[in-house]
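Undergrad: Quick one: structure below, then a few questions.
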Amino acid sequence: MKGTVIIIGPAHPLRGGLATFDQRLATEFLDQGYDCTLYSFSLQYPSFLFPGTTQYSTDPAPSRLKIVTCINSINPFNWLKTGRALKKMKPDTIVVRFWLPLMGPALGTILRIVKKNRHTRIIAITDNIKPHEKRPGDTAFTRYFLRSCNAFITMSEKVMKDLRTFEKDKPARQVLHPLYDNFGEPISKEEARDTLRRKMGLPTGSTDKIVLFFGFIRKYKGLDILLTAMSDQRIRNSGIRLLIAGEFYEEEKPYREQIEQTGIGSELILATEFIPDNDVRYYICAADVIIQPYRNATQSGVTPLAYHFERPMIVSNVGGLPALVPHEKAGLVAEPEPTAIADAILRFFELGENYFIPHLRREKEKYSWPKLLETIEQLSTIQDSGGTGKDK
């Protein structure tokens with residue numbers, strides 16, 4: 001056995017991209033000879049702060065993984081208990097996910113207690129440093145968490161820059177978000193659309209031109225921009241349809257009103273509920289292109305998903321997205337405004353899907369779970385006084 005690793009972050013029965021990532025990383029540690037356990041949340045968000053319908057998955061638990069459901073994000077007595085238990089266990093490495101300042105007090109307290117064992121090395125995978133949607137206390141909570149860690153991994157240059165506004169000297173590395181390769185193998189577009197018709201009752205025609213918006217619907221993701229772009233007469237004349245697959249994480253009514261006002265309802269295919277893991281590949285493979293019209297972004301879990309299934313992308317020219325999707329190679333980059341998005345959609349269908357596939361296949365080779373694990377191993381052995389660094 002190489003060593004003991006604890007991953008602190010969401011895991012089954014919690015759902016969503018963070019849980020999927022943590023479980024895939026745990027599998028990689030096991031495959032490479034580590035003893036790895038996931039420590040997840042008994043209470044991740046109070047119900048009044050959670051925007052979706054449920055925080056929990058109906059999928060079966062991963063068979064190989066040991067998941068301890070114990071962290072209560074709002075109970076300080078729980079933080080003390082969990083910290084003491086992990087301190088006593090003395091794992092060699094803790095890999096902790098940080099995506100929201102709200103988690104700073106709980107995680108920062110737990111990790112401060114663990115560090116008193118003078119053995120465990122704490123590596124934070126920081127998905128965001130500055131949140132998409134700001135709240136009081138963000139800066140203080142983030143600083144409190146970051147000071148409890150020994151080293152950091154970011155998955156975009158934007159997050160690395162944000163990190164360095166808080167932590168200028170601690171070791172940090174930038175790696176690409178590994179491929180989500182745990183949703184099954186790619187299938188043909190024809191099979192995917194047929195399954196969506198039969199299983200989900202969605203009107204996905206075999207010859208339709210389909211643009212896919214995938215994932216939770218939140219303001220910063222720019223679905224309203226995309227809906228305006230879809231009302232562009234050039235788009236409507238081209239017979240292009242938009243498939244929206246994902247649950248509303250904010251008020252649905254404004255979007256419904258926008259659809260009604262623009263009259264584009266017949267060009268939309270709506271699957272606005274949580275997409276179970278077993279169904280993800282049908283939505284991705286049914287699309288001609290996946291679109292991310294975000295107003296702001298660090299990185300996106302949709303990007304490695306698209307790479308795995310070899311689907312071209314259209315992304316906004318914001319945050320880390322342009323670096324992840326080379327323009328007119330793996331996809332197209334456009335400004336986050338309706339005319340530019342409409343232009344990019346039309347440009348995609350002008351070039352054709354096959355133009356992008358060779359570039360996608362070359363680019364996806366950079367997205368590696370062993371590379372992420374290797375970086376964690378490196379950060380587990382270097383001293384706390386190191387500077388910056390990148391692994392791309």
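Undergrad: Which of the residues that make up the stretch 125-174 are among the β-branched types (Val, Ile, Thr) and assigned to a helix (DSSP H, G or I)?
TA: In the first step, residues of the stretch 125-174 are kept if they are among the β-branched types (Val, Ile, Thr); the result is 125-126, 129, 139, 142, 153-154, 159, 165.
Selection gives Thr139, Thr142, Val159, Thr165.
Undergrad: Which residue pairs have Cβ atoms under 6 Å apart, sit 6 or more places apart or on different chains, and have a first residue in the stretch 21-35 that is on the phi < 0 side of the Ramachandran plot and a second that is part of a helix (DSSP H, G or I) and surrounded by 15 or more Cβ atoms within 10 Å (Cβ to Cβ)?
TA: Between residues of the stretch 21-35 that are on the phi < 0 side of the Ramachandran plot and residues that are part of a helix (DSSP H, G or I) and surrounded by 15 or more Cβ atoms within 10 Å (Cβ to Cβ), the close pairs are Glu28/Trp369; Glu28/Leu373.
Undergrad: Another question, then. For Arg15, indicate whether it is in contact with a strand residue (DSSP E or B) (Cβ under 9 Å, 6 or more places away or on another chain), within 22 Å of Arg135 (Cβ to Cβ) and charged (D, E, K, R). Spell out how you get there, then give the answer.
TA: Values: in contact with a strand residue (DSSP E or B) (Cβ under 9 Å, 6 or more places away or on another chain): yes; within 22 Å of Arg135 (Cβ to Cβ): no; charged (D, E, K, R): yes.
Judged against the criteria, Arg15 is not a match.
Undergrad: If you check Glu363, Glu377, Glu335, Glu310, which single one turns out to be at pLDDT 95 or above and under 30 Å from Ala151 (Cα atoms)? Show your work before the answer.
TA: On the way: Glu363 fails: at pLDDT 95 or above; Glu335 fails: under 30 Å from Ala151 (Cα atoms); Glu310 fails: under 30 Å from Ala151 (Cα atoms).
One residue alone meets the criteria, Glu377.
Undergrad: Does Glu190 meet the test of being surrounded by fewer than 22 Cβ atoms within 10 Å (Cβ to Cβ), in contact (Cβ under 8 Å) with a residue 24 or more places away in the chain and under 30 Å from Val289 (Cβ atoms)? Explain how you work it out, then say what you get.
TA: Numbers: surrounded by fewer than 22 Cβ atoms within 10 Å (Cβ to Cβ): yes; in contact (Cβ under 8 Å) with a residue 24 or more places away in the chain: no; under 30 Å from Val289 (Cβ atoms): yes.
Here the answer is no, as Glu190 does not meet what is asked.
Undergrad: Kindly indicate whether Val211 is of a type in the set (A, V, I, L, M) and not in a helix (DSSP H, G or I). It would help to see each step written out before you state the result.
TA: Values: of a type in the set (A, V, I, L, M): yes; not in a helix (DSSP H, G or I): yes.
So Val211 passes the test.
Undergrad: Pick from the stretch 31-50 the residues that are over 27 Å from Leu373 (Cα atoms) and exposed (fewer than 15 other Cβ atoms within 10 Å of the Cβ): which of them is modelled with the highest pLDDT?
TA: Narrowing the stretch 31-50 to residues over 27 Å from Leu373 (Cα atoms): 43, 45-50.
Next, from what is left, pick out any that are exposed (fewer than 15 other Cβ atoms within 10 Å of the Cβ): 46-50.
Details: Pro46: 72, Ser47: 66, Phe48: 56, Leu49: 57, Phe50: 56.
Within the stretch 31-50, the match that is modelled with the highest pLDDT is Pro46.
Results for (1) under 21 Å from Gly246 (Cβ atoms); (2) at pLDDT 95 or above; (3) surrounded by fewer than 22 Cβ atoms within 10 Å (Cβ to Cβ); (4) not hydroxyl-bearing (Ser, Thr, Tyr), shown as yes or no for each residue.
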site: Arg143; (1), (2), (3), (4): no, yes, yes, yes
site: Leu146; (1), (2), (3), (4): no, yes, yes, yes
site: Pro178; (1), (2), (3), (4): no, no, no, yes
site: Asp181; (1), (2), (3), (4): yes, no, yes, yes
site: Met200; (1), (2), (3), (4): yes, no, yes, yes
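Undergrad: Could I ask something else about it? Do the conditions hold for Lys116, that is, is it surrounded by fewer than 17 Cβ atoms within 10 Å (Cβ to Cβ), out of contact with any Gly (no Cβ under 7 Å at 6 or more places or on another chain), within 21 Å of Pro171 (Cα to Cα) and in the same structural domain as Gly17 (by TED's automatic domain parsing)? First the steps, then the outcome.
TA: Working: surrounded by fewer than 17 Cβ atoms within 10 Å (Cβ to Cβ): yes; out of contact with any Gly (no Cβ under 7 Å at 6 or more places or on another chain): yes; within 21 Å of Pro171 (Cα to Cα): yes; in the same structural domain as Gly17 (by TED's automatic domain parsing): yes.
For Lys116, the condition - surrounded by fewer than 17 Cβ atoms within 10 Å (Cβ to Cβ), out of contact with any Gly (no Cβ under 7 Å at 6 or more places or on another chain), within 21 Å of Pro171 (Cα to Cα) and in the same structural domain as Gly17 (by TED's automatic domain parsing) - is met.
Undergrad: Could you tell me how many of the residues in the stretch 1-43 are hydroxyl-bearing (Ser, Thr, Tyr) and closer than 22 Å to Cys149 by Cβ? Outline the logic, then answer.
TA: Narrowing the stretch 1-43 to residues hydroxyl-bearing (Ser, Thr, Tyr): 4, 20, 27, 34, 37, 39-40, 42.
If we keep only those that are closer than 22 Å to Cys149 by Cβ too, we end up with 4, 34, 37, 39-40.
Number satisfying all stated conditions: 5.
Undergrad: So Asp194 ticks every box in (1) at pLDDT below 95; (2) more than 29 Å from Ala140 (Cβ to Cβ) but one. Which box is left unticked?
TA: Unmet for Asp194, out of (1) at pLDDT below 95; (2) more than 29 Å from Ala140 (Cβ to Cβ): (1).
Undergrad: Further, regarding this structure: When the residues of the stretch 249-271 are filtered to those that are in a helix (DSSP H, G or I) and either of a type in the set (A, V, I, L, M, F, W, C) or touching a residue at least 24 places away in the same chain (Cβ under 8 Å) (or both), which remaining residue is surrounded by the fewest Cβ atoms within 10 Å (Cβ to Cβ)?
TA: So the first thing to find is which residues in the stretch 249-271 are in a helix (DSSP H, G or I), and the list is 253-262, 265-267.
Still in the running and either of a type in the set (A, V, I, L, M, F, W, C) or touching a residue at least 24 places away in the same chain (Cβ under 8 Å) (or both): 254-255, 258-259, 262, 267.
Working: Pro254: 11, Tyr255: 18, Gln258: 15, Ile259: 18, Thr262: 15, Glu267: 18.
Among residues in the stretch 249-271 that are in a helix (DSSP H, G or I) and either of a type in the set (A, V, I, L, M, F, W, C) or touching a residue at least 24 places away in the same chain (Cβ under 8 Å) (or both), the one surrounded by the fewest Cβ atoms within 10 Å (Cβ to Cβ) is Pro254.
Undergrad: Looking at Lys209, is it free of Cβ contacts under 8 Å to residues at least 12 places away in the same chain and not assigned by TED's automatic domain parsing to the domain that holds Ser156? Before you say what the answer is, go through the steps one by one.
TA: Details: free of Cβ contacts under 8 Å to residues at least 12 places away in the same chain: no; not assigned by TED's automatic domain parsing to the domain that holds Ser156: yes.
No.
Undergrad: Ok, one more. Hey, Pro91 hits all of (1) assigned to a loop (DSSP other than H, G, I, E, B); (2) free of Cβ contacts under 8 Å to residues at least 12 places away in the same chain but one; which does it fall short on?
TA: Condition (2) is where Pro91 drops out.
Undergrad: For the stretch 91-128, which residues satisfy the criterion of being more than 21 Å from Ala19 (Cβ to Cβ) and among the hydrophobic types (A, V, I, L, M, F, W, C)?
TA: Within the stretch 91-128, Ile113, Val114 meet the criteria.
Undergrad: Moving on. Would you mind finding the one in Ala19, Ala61 that is loosely packed, with under 15 Cβ neighbours inside 10 Å and of a type in the set (A, V, I, L, M, F, W, C)? Can you show your working first?
TA: Details: Ala19 fails: loosely packed, with under 15 Cβ neighbours inside 10 Å.
Criteria check complete, one pass: Ala61.
Undergrad: Got a number for residues in the stretch 1-50 being acidic (Asp, Glu) and over 21 Å from Leu305 (Cβ atoms)?
TA: 1
Undergrad: Then there is this: If you scan the stretch 326-344, which residues turn out to be within 20 Å of Ala286 (Cα to Cα) and in contact with a strand residue (DSSP E or B) (Cβ under 6 Å, 6 or more places away or on another chain)?
TA: Filtering the stretch 326-344 for residues within 20 Å of Ala286 (Cα to Cα) gives 330-332, 344.
Hits for the stretch 326-344 are Gly331, Leu332, Ala344.
The values are calculated or read from the model by the stated rules, or taken from the named source; none is laboratory data. The structure presented is a predicted model; accordingly, all values stated were derived computationally and were not measured. Cβ coordinates were reconstructed from backbone atoms using ideal geometry, including for glycine residues, and neighbour counts include every protein chain displayed.
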